[in-house]
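The values are calculated or read from the model by the stated rules, or taken from the named source; none is laboratory data. None of these values were measured; they are calculated from a predicted model. Reconstructed Cβ throughout: ideal geometry from the backbone, glycine too, with neighbour counts over all protein chains shown.
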Amino acid sequence: MRANTQKAQRFFRPKSPEPVSDLPVDLDPEISFHNDGKFFSKKRNEFYLADPNVIYSQQNNFFNHKLFEEKKKAKDIFSFGEIGFGLGLNFIIILKNWHKVIGATKRLHYFAIESFPLSKDNLKIAKQRFPDLANEYQELIDKYPPIHTGFHRIWLKSSAVALTLIFEPTWRGISQIEGKFDAWFLSQFSNESAPDQWSPDIFSEISRLSRKDTLICSSNTGAYVDGELKRIGYEVVGASGDPSPAKVKIGRSCMNAEITLLPPWFAPPPPIGPKSRIGILGGGVAGASIVRALQRRGLQAEIIDAHLFNERASILPVALISPTLTEKANELSNFYDRSYRSVLASIEELGAEWLSRGVLKIKPKQMVARQIDSLIRRKNLWDDAATEVTAAEIQSKTNINCSGHGLWFAEAGTLSPVEYLFKLMNGQQLIKNQKVAQIEFLNDEWILYSERKREISRLDVLIITAALGSNTFACTRHIPLIGLGGQLSLANPTSQSLALRATILSQSYITPACGNMHAVGSTHIRGNQIYDSIALNPTKEGHWQNYKNLEPAIQTLLGKDDICNWKGYTGVRAATPDRLPCVGPIVDPEVFREDFARLRHGPQGRFPVAPKYQPNLFVSTGLGSRGFLTAELSSEILVSQMLGEPWPVERAVALSLSPSRFLYRELRSHK
């Protein structure tokens with residue numbers, strides 16, 4: 001197939017990749033509270049704006065402007081950005097006046113970049129100071145993420161409002177946002193106290209994230225702001241006549257920003273159309289998580305699976321939720337860090353019950369010390385997310401005598417897969433016993449057929465979450481999936497092992513007894529063939545391997561005489577060569593190889609503006625053995641891209657999951 005030489009092209013010169021930051025991070029605002037109701041930041045050497053009446057007045061001037069009124073009539077979903085979250089007052093007041101400002105039936109994505117975020121305890125003090133806003137503050141406090149670096153999305157107002165808090169230095173945070181915004185609120189701090197929030201680079205990033213007619217609201221009305229607005233293509237369209245400090249300056253973008261930090265080979269497709277018929281092929285944790293992400297947005301999807309998800313998953317008795325600490329930062333570690341917080345929040349919101357809480361990872365003392373030092377330095381997880389424990393402390397936390405050192409994760413633990421999937425699906429209807437053998441795109445529809453060529457469904461949008469089964473379809477066969485076969489042993493408890501009250505993980509892991517058994521595992525068999533999971537059966541050899549990989553103290557508790565009576569679970573997981581899932585839209589691979597053949601000579605030059613995508617086709621697969629950890633965040637990334645929303649994670653993290661990354665690497669390696 002020859003590429004269309006008339007395709008629009010652009011010259012792309014990649015910037016030197018900014019290394020994933022491994023520098024020490026300081027997020028403490030050093031806040032103090034005064035008896036007169038003022039809040040002071042030692043880091044900024046300035047008082048926070050803590051007068052709700054001033055912010056009410058500023059917002060009235062902005063939201064009552066005719067340009068915003070026009071926007072409100074024309075849109076159902078809005079995206080706002082804020083430089084500096086501060087006390088959260090700007091957001092809180094928008095939340096309180098939601099029906100008036102936006103409209104009861106409309107939705108909002110609100111992004112805020114904050115270098116020195118307040119803690120949950122700080123917000124509780126703010127709640128006391130502002131009793132008229134107590135309900136809104138409490139809703140924020142209930143969902144507020146623990147303080148650590150990165151992007152953190154929470155849902156408020158019955159999922160009508162998505163707040164994405166970015167706890168990073170201002171430029172680093174805003175430069176990793178991907179999406180277009182309807183309005184920006186500039187910092188309430190002065191240029192002198194917060195130069196990082198007023199630099200030309202910040203205005204340039206606002207321009208990149210703007211579309212034509214994006215509005216900007218600034219309480220700083222000085223000449224510097226006029227100059228920067230003009231430089232980035234904004235015009236001043238209004239300034240309030242109110243006396244300081246309630247005055248604001250309103251700007252409007254006069255052009256569509258042509259600046260993009262996305263390489264053309266990763267440029268996304270257009271959003272799906274309204275009222276699209278959406279289908280999800282696969283009813284496991286990846287598919288169920290996407291159902292929930294769509295339901296949050298008031299959207300429904302059809303599930304197609306050969307088995308009810310609970311029939312398939314009920315064999316697996318436990319799902320282990322535990323983070324992975326690394327000594328160095330990279331995109332893989334960032335993704336797993338973000339996934340851990342996301343799934344913990346999901347479990348809490350859904351009210352899913354833990355089978356057990358607390359995970360101990362046995363590691364050499366020197367490695368534990370290095371990983372704790374990295375955690376303290378990078379703040380990639382929150383305080384006390386992981387703590388170093390000695391042999392004596394291990395005994396107190398697990399109720400088992402175990403020598404050595406380890407890492408203790410108090411919030412990690414084990415779940416019932418069946419219960420968690422039921423809660424994710426929230427009553428979603430399934431098409432039972434429908435095995436899809438063929439997929440065809442015809443007349444702007446995806447048509448799914450059975451093995452007997454009987455039509456199963458017609459869809460506008462198809463999301464494939466079929467694990468290794470994704471490779472059975474021509475449209476996704478180019479994704480390099482690898483089968484990971486594994487055996488989980490179900491060990492009969494002994495009088496000694498019943499004392500165990502937390503999961504212990506070394507080469508193998510063991511969970512506390514639940515349902516009259518311990519889960520012990522698991523073996524991993526990696527290969528390039530596609531395994532038939534039905535043909536896999538538990539073996540005595542697999543039980544022995546799991547047993548031998550346990551800590552000696554745990555082996556003693558279980559004993560080996562009963563291994564022949566252990567039961568087990570076998571399964572196959574789909575993984576990728578780089579251990580990251582494939583999440584996002586699917587290109588036409590042959591057209592991609594031809595359109596971007598120049599990549600063999602380097603990433604600089606003229607390329608098509610975007611790849612040719614297979615229409616409205618998306619995938620979430622390759623989650624490996626960590627599906628329950630990563631599915632929540634993966635689904636949020638996929639649905640945000642599918643709907644054209646601002647992305648919920650750093651651009652670099654989302655692109656590291658792109659299904660097109662393997663085609664890109666293939667071309668770059670001259671294969």
### Residue list for the stretch 56-84, restricted to those being within 31 Å of the chain's Cα centre (by Cα) and among the aliphatic types (A, V, I, L, M)
A74, I77, I83
### Task
Kindly establish whether G283 is modelled with pLDDT under 95, closer than 30 Å to I456 by Cα, among the small types (G, A, S) and not assigned by TED's automatic domain parsing to the domain that holds S158.
yes
### Query
If a residue has to be within 27 Å of P648 (Cβ to Cβ), part of a helix (DSSP H, G or I) and of a type in the set (V, I, T) to count, how many in the stretch 181-233 make the cut?
2
### Query
When you scan the stretch 243-261, how many residues do you find that are in contact with a helix residue (DSSP H, G or I) (Cβ under 7 Å, 6 or more places away or on another chain) and either in contact (Cβ under 8 Å) with a residue 60 or more places away in the chain or buried (at least 18 other Cβ atoms within 10 Å of the Cβ) (or both)?
9
### Query
Can you pull out the residues in the stretch 636-671 that are hydroxyl-bearing (S, T, Y), buried (at least 21 other Cβ atoms within 10 Å of the Cβ) and farther than 22 Å from G173 by Cα?
S660
### Query
Any idea which of (1) under 30 Å from Y449 (Cβ atoms); (2) touching a helix residue (DSSP H, G or I) at 6+ places or on another chain (Cβ under 7 Å) is the one P274 doesn't satisfy?
(2)
### Query
Scanning for something in contact with a Lys or Arg (Cβ under 8 Å, 6 or more places away or on another chain) and in a loop (DSSP other than H, G, I, E, B), does the stretch 331-345 turn up at least one residue?
no
### Task
Keeping to the stretch 473-520, report how many residues are assigned to a strand (DSSP E or B), out of contact with any helix residue (DSSP H, G or I) (no Cβ under 9 Å at 6 or more places or on another chain) and under 30 Å from F662 (Cβ atoms).
1
#### Entry: Residue count for the stretch 494-513, restricted to those that are within 16 Å of G559 (Cα to Cα) and surrounded by fewer than 19 Cβ atoms within 10 Å (Cβ to Cβ)
5
### Query
Just checking, which of S625, S656 is in contact with a helix residue (DSSP H, G or I) (Cβ under 7 Å, 6 or more places away or on another chain) and touching a residue at least 40 places away in the same chain (Cβ under 8 Å)?
S656
## Note on the structure
Of all strands (runs of 3 or more DSSP E) fully inside the stretch 525-642, the set with 2 or more residues that are in contact with a Pro (Cβ under 9 Å, 6 or more places away or on another chain) is 567-575, 582-587, 605-608, 613-621
### Query
When you scan the stretch 641-671, how many residues do you find that are under 10 Å from the mean Cα position of the chain (by Cα) and either among the acidic types (D, E) or under 28 Å from F441 (Cα atoms) (or both)?
3
### Single unsatisfied condition, K365 versus (1) basic (K, R); (2) loosely packed, with under 14 Cβ neighbours inside 10 Å; (3) within 30 Å of G279 (Cα to Cα)
(3)
## Note on the structure
Considering the stretch 279-293, residues that are aliphatic (A, V, I, L, M) and part of a strand (DSSP E or B), and then whichever is farthest from L468 (Cα to Cα), we arrive at I280
### Query
Would the stretch 557-571 turn up any residue that is of a type in the set (K, R) and touching a strand residue (DSSP E or B) at 6+ places or on another chain (Cβ under 7 Å)?
yes
### Query
So, in the stretch 460-477, of the ones that are crowded, with 24+ Cβ neighbours inside 10 Å and not β-branched (V, I, T), which residue ends up nearest to G624 (Cα to Cα)?
A467
### Task
Output the number of the condition that V609 fails; it satisfies all remaining conditions of (1) farther than 25 Å from D182 by Cα; (2) surrounded by fewer than 19 Cβ atoms within 10 Å (Cβ to Cβ).
(1)
### Task
Output the residues belonging to the stretch 85-142 that are modelled with pLDDT of 95 or more, within 24 Å of the chain's Cα centre (by Cα) and either in a loop (DSSP other than H, G, I, E, B) or on the phi > 0 side of the Ramachandran plot (or both).
F85, G86, G88, E114, S115, F116, P117, L118, S119
#### Entry: strands (runs of 3 or more DSSP E) lying entirely in the stretch 394-472 (those with 1 or more residues that are of a type in the set (S, T, N, Q))
405-415, 438-442, 455-459
### Task
Please determine, by comparing only the residues of the stretch 126-141 that are in contact (Cβ under 8 Å) with a residue 24 or more places away in the chain and buried (at least 16 other Cβ atoms within 10 Å of the Cβ), which one is nearest to I154 (Cα to Cα).
L140
### Task
Restricting attention to the stretch 398-422, report how many residues are surrounded by fewer than 20 Cβ atoms within 10 Å (Cβ to Cβ) and of a type in the set (D, E, K, R).
1
